[in-house]
Amino acid sequence: MSVDPNAATQSFPPSQPARRPPGPARYLVPALVAAAVAVALGVYGKVHDPAGTAFNIAGFSSTGAVKSWLATTAFFFALVQLVSAFMVYGKLPGPRWASTLHRWSGRIAFLVAVPVAVHCLYALGYQTYETRVLWHSALGCFFFGAFSAKMLLLRSQRLPGWLLPLVGGLVFTVLTLLWLTSALWFFRTFGVTT
């Protein structure tokens, strides 16, 4: 038997291309986007002249009532998302469709929060005249920055198992603080009205 020197060689096991460890850019880019979104919203809210009102919905007594109920709805769906996240990660028993519930409750919470944020930015701006209002303004900008980072991290491959729950928990915590400094304050000050 003769050996052909020009024949393709085969190595066992087949060689795999070397995998590079994930670089810092996969974490740095979402962090930079989060900072840019938060700063841009804060700057816009501070430099433009507040319009006073942006929307009102028939059946509600005031824009504050509309915003408070929309914020409460967003907070409710954020609670659903928190519980469904525990189901997805196996910390609570849940149905097979817990991941679908998690995704859709997050989408609904975000979509309901957007008109509230638009009204706050357009009609009121970034205000600092009182401690509660200062915290609410800063947290609102931070929320949308952190949410942007979470959405970018969802698309990343091979994240550490702790990172997405940490960022999701941060987004939930900030939304809770926003609700406490706005809707709950409104309901306690003016009553639970529509």
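Brief remarks on what is shown
- Residue in region 137-158 that is among the aliphatic types (A, V, I, L, M), under 25 Å from residue 51 (Cβ atoms) and at pLDDT 95 or above present: yes
- Taken together, 44, 27 contain a single residue that is over 23 Å from residue 121 (Cβ atoms) and either modelled with pLDDT of 80 or more or not in a loop (DSSP other than H, G, I, E, B) (or both), which is 27.
- The residue that is farthest from residue 127 (Cα to Cα), among those in region 159-179 that are open to solvent by less than 30 Å² (accessible area, probe 1.4 Å) and touching a Leu at 6+ places or on another chain (Cβ under 7 Å), is 163.
Residues are listed down the side, and each one gets a yes or a no for (1) within 24 Å of residue 29 (Cα to Cα); (2) open to solvent by 20 Å² or more (accessible area, probe 1.4 Å):
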{"position": "79", "(1), (2)": "no, yes"}
{"position": "119", "(1), (2)": "no, no"}
{"position": "136", "(1), (2)": "no, yes"}
{"position": "142", "(1), (2)": "yes, yes"}
{"position": "149", "(1), (2)": "yes, no"}
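- Evaluating residue 166 against the criteria (1) under 18 Å from the mean Cα position of the chain (by Cα); (2) at pLDDT 95 or above leaves one unmet condition, (2).
- The single condition among (1) within 24 Å of residue 151 (Cα to Cα); (2) surrounded by 13 or more Cβ atoms within 10 Å (Cβ to Cβ) that residue 127 does not satisfy is (1).
- Conditions (1) surrounded by 14 or more Cβ atoms within 10 Å (Cβ to Cβ); (2) at pLDDT 95 or above; (3) small (Gly, Ala, Ser): number failed by residue 36: (1)
Each row is one residue, and each column tells you yes or no for (1) assigned to a helix (DSSP H, G or I); (2) touching a residue at least 60 places away in the same chain (Cβ under 8 Å); (3) of a type in the set (Asp, Glu).
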{"position": "80", "(1), (2), (3)": "yes, no, no"}
{"position": "84", "(1), (2), (3)": "yes, no, no"}
{"position": "87", "(1), (2), (3)": "yes, no, no"}
{"position": "92", "(1), (2), (3)": "no, no, no"}
{"position": "106", "(1), (2), (3)": "yes, no, no"}
{"position": "109", "(1), (2), (3)": "yes, yes, no"}
{"position": "113", "(1), (2), (3)": "yes, yes, no"}
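- Residue identified as surrounded by fewer than 20 Cβ atoms within 10 Å (Cβ to Cβ) and small (Gly, Ala, Ser) among 182, 156: 156
- Any chance residue 98 is crowded, with 20+ Cβ neighbours inside 10 Å and over 16 Å from the mean Cα position of the chain (by Cα): no
The values are calculated or read from the model by the stated rules, or taken from the named source; none is laboratory data. Note that the structure is a prediction, hence the values are computed from the model and not measured. FYI the Cβ positions are ideal-geometry reconstructions off the backbone, even for glycines, and counts take in every protein chain you see. To get the accessible areas, we keep the full protein, side chains included, count just its heavy atoms, and leave off ligands, DNA and RNA. Shrake-Rupley method; radii C 1.70, N 1.55, O 1.52, S 1.80 Å.
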